[in-house]
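The values are calculated or read from the model by the stated rules, or taken from the named source; none is laboratory data. Remember, it's a predicted structure, so these values are computed and weren't measured experimentally. So basically every Cβ, Gly included, is an ideal-geometry build from the backbone, and we count neighbours across all protein chains shown.
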Amino acid sequence: MGKLKILLVDDHKIIRDGIRYSLELTKLLSVEITEAETGTEAVTMAKIRKYDVIIMDINMPDMDGVKATKQILKIRKSSKILALSMHEEEYQIISMAKAGARGYILKNIGTEELCKAIKTVSEGKKYFSNEVMMKLVGHYYDDLVERKPRTAKNYKGLFTQREVEILKLVANEYTNEEIANKLFIAKRTVDAHRQNIMNKTGVKNTAGLIKYAIQNNLV
């Protein structure tokens, strides 16, 4: 794979310098980084060139990340935008997701997770750091609680007993390795069961599994 073309958007030079240094030093990714200091500048640059991933700060003085994301996606619908913020407020996460961002990470993450997020988003998938993921799950849960009661989907007969056990443990934040140890089975067996559950429910990630478990009163 060639170098990933990255547009790094942040109004603080010290943040841009730190991210650039980390990405250029690591062997986990090969990148070519272009910088933008403002949302307006980012929109202009996105018109001129296609980037593999645009890392977008949210709080910027002239045009915030939400508006910049919307404008860039109007220009290039295929743009892959990864939100970067020091804040984990629910309204910011939801606003960026609705604007079209494919992921949301916090500025306190390490280089390894940053590289993982960039690679995941560049492949057209979504990526949210753990703290952000839990905020989203909380949002789903609050939304479900506030709604009028409704009949949950009938999951009985859809899953095997083992799959139900694993789904419950996933919803309680167990990793695949922890599930394997708890149930005395191989991790690859857990991986296979988890993939079967995702295929049956149609969800794409852990947040989707947790949401499904909440909807069906499994937690």
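Among residues of the range 186-214 that are more than 27 Å from I94 (Cα to Cα) and in the same structural domain as E173 (by TED's automatic domain parsing), those with a beta-carbon under 9 Å from a residue that is surrounded by fewer than 19 Cβ atoms within 10 Å (Cβ to Cβ) and among the β-branched types (V, I, T) at least six positions away or on a different chain give the pairs H193/T160; H193/I185; N196/T160. Which is of a type in the set (S, T, N, Q), touching a residue at least 24 places away in the same chain (Cβ under 8 Å) and more than 24 Å from D17 (Cα to Cα), of S95, S79? Among S95, S79, only S95 is of a type in the set (S, T, N, Q), touching a residue at least 24 places away in the same chain (Cβ under 8 Å) and more than 24 Å from D17 (Cα to Cα). Here is a check on your reading of the model: is K156 out of contact with any helix residue (DSSP H, G or I) (no Cβ under 8 Å at 6 or more places or on another chain) and either at pLDDT below 85 or on the phi < 0 side of the Ramachandran plot (or both)? For K156, the condition - out of contact with any helix residue (DSSP H, G or I) (no Cβ under 8 Å at 6 or more places or on another chain) and either at pLDDT below 85 or on the phi < 0 side of the Ramachandran plot (or both) - is met.
Matching residues to (1) touching a residue at least 60 places away in the same chain (Cβ under 8 Å); (2) in contact with an Asp or Glu (Cβ under 8 Å, 6 or more places away or on another chain):
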residue	(1), (2)
K13	no, yes
S22	yes, no
S30	no, no
T34	no, no
T38	no, yes
T44	no, no
I48	no, no
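For the subset of the range 87-102 comprising residues that are farther than 17 Å from K125 by Cβ and of a type outside the set (A, V, I, L, M, F, W, C), which member is modelled with the lowest pLDDT?
Of all residues in the range 87-102, those farther than 17 Å from K125 by Cβ come to 87-95, 98-99.
Filter again for of a type outside the set (A, V, I, L, M, F, W, C), leaving 87-92, 95, 98.
Working: H87: 78, E88: 75, E89: 78, E90: 78, Y91: 80, Q92: 86, S95: 88, K98: 88.
Ranking the candidates gives E88 first.
Considering the range 1-21 alone, what residues qualify as being surrounded by 15 or more Cβ atoms within 10 Å (Cβ to Cβ) and not charged (D, E, K, R)? Can you show your working first?
Narrowing the range 1-21 to residues surrounded by 15 or more Cβ atoms within 10 Å (Cβ to Cβ): 4-11, 15-16, 19-20.
Matches in the range 1-21: L4, I6, L7, L8, V9, I15, I19.
Of all residues in the range 20-49, those being more than 19 Å from D64 (Cβ to Cβ) and not polar (S, T, N, Q) number 13. Of the residues examined, A186 is one that is modelled with pLDDT of 90 or more, farther than 30 Å from I14 by Cβ, surrounded by fewer than 16 Cβ atoms within 10 Å (Cβ to Cβ) and not charged (D, E, K, R).
Looking across the range 68-86, the residues that are at pLDDT below 95 and either over 22 Å from K126 (Cα atoms) or among the charged types (D, E, K, R) (or both) come down to R76, K77.
Once the range 106-149 is narrowed to residues that are polar (S, T, N, Q) and not in a loop (DSSP other than H, G, I, E, B), the residue that is modelled with the lowest pLDDT is N130.
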